[in-house]
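All remarks here apply to the structure that follows.
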Amino acid sequence: MLTVAIASENDAMDAEVYRYLLERLLGTEVTRWKTDITFDRGGLRRVHCLTPAFLETAARYGVTRALIAIDNDGGTQKGPEHVAGHLPLQDGADEKSCRVCWLSQRVPESWRSNSHRACIVIPVQTLETWLLVLKGHDFDGKPPEKIFDRSNLKKKFYGRPLPASRRCTELALEQLRRPDALDVLRQRPSFQHFADQLRSW
């Protein structure tokens, strides 16, 4: 069993989805590190702000693996998808730039060693983009990365009115339990970047 510190914009739904994805990708049971540090209702800025303290506290409790995740919230003028060759200081200058680079600058140096590993996950455009890909949504014939209406993406996946958080989590996990889920998701660059970071774990 592996204990992982998970920071996301939604402690109940998003963090559980990421925990389950880690289990599938790593092939081992994953449990979330329990902490009083919460990220709910703070959005991406709260995750960005608290990441150093979150990781340093986790390390003091003996946790050596962490996942930090926020939605991309991108568009034609902001939030470009992360690509190999990006320079964090240059390409992550602020929250409108590459979110992977922007967030990676908040990871303490001690978490860049062989003993501690922090994984940065930024779905494009939102976690529901990946879920809709699994569901076979056609995205109006465009690449999923080019659909920027987050509110509409969530409604397309969960329906209207938006169900309670627990039900949203159940709907997400239903898709992720599909035998072919990882193969389908690996076709998306943002998910493959997630999977690639786990090779050193």
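Coordinate-derived values only; no laboratory data. Keep in mind that this is a model prediction, so the values were computed, not measured. Cβ coordinates were reconstructed from backbone atoms using ideal geometry, including for glycine residues, and neighbour counts include every protein chain displayed.
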Check your understanding: Roughly how large, in nm² to one decimal, is the mean projection of the convex hull of the alpha-carbon atoms in segment 103-201?
Key -> 7.7
Practice item. Check the cysteines of the chain one by one and keep only those with no other cysteine Cβ under 4.7 Å from their own. Key: CYS49, CYS119, CYS168
Check your understanding: Taking 0.36 nm per residue of separation and subtracting the Cα-Cα distance, what length does fully extending GLN187 through VAL83 add?
Key -> 36.0 nm
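Looking at segment 137-179, I'd like the Rg to Rh ratio, where Rg is from alpha-carbon atoms and Rh is Kirkwood's inverse mean 1/r.
A ratio of 1.01.
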Exercise for review: Give the residues of segment 24-52 whose amide nitrogen is closer than 18 Å to a point set 7 Å from the Cα of SER200 in the direction of its Cβ.
Suggested key: 26, 52
Review point. For segment 73-146, what is the Kirkwood estimate of the hydrodynamic radius, computed as the reciprocal of the mean inverse distance between distinct Cα atoms, to one decimal in Å?
Key: 13.7
Practice item. Using packing as a proxy for protection, rank 177-184, 131-138 so that the peptide with the highest average count of other Cβ atoms within 10 Å comes first. Key: 131-138, 177-184
Practice item. Determine, at each q value in 0.13 (inverse angstroms), the log₁₀ of I(q)/I(0) that the Debye formula gives when each Cα of segment 1-99 is one equal point scatterer. Key: -0.51
Point to revise | GNM flexibility winner over the chain from ALA164, ALA172, ALA12 (Cα, springs under 10 Å) | key: ALA164
Check your understanding: By average Cβ neighbour count within 10 Å, what is the ranking of 124-130, 107-113, 84-90 from highest down?
Key -> 124-130, 107-113, 84-90
**Study point:** Alpha carbon convex hull of segment 2-200, volume per residue in cubic angstrom
**Key:** 120
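Within the set of other residues whose C-beta is less than 13 Å from the C-beta of CYS119, count the net charge using Lys and Arg as +1 and Asp and Glu as -1.
Result for the local shell: +4.
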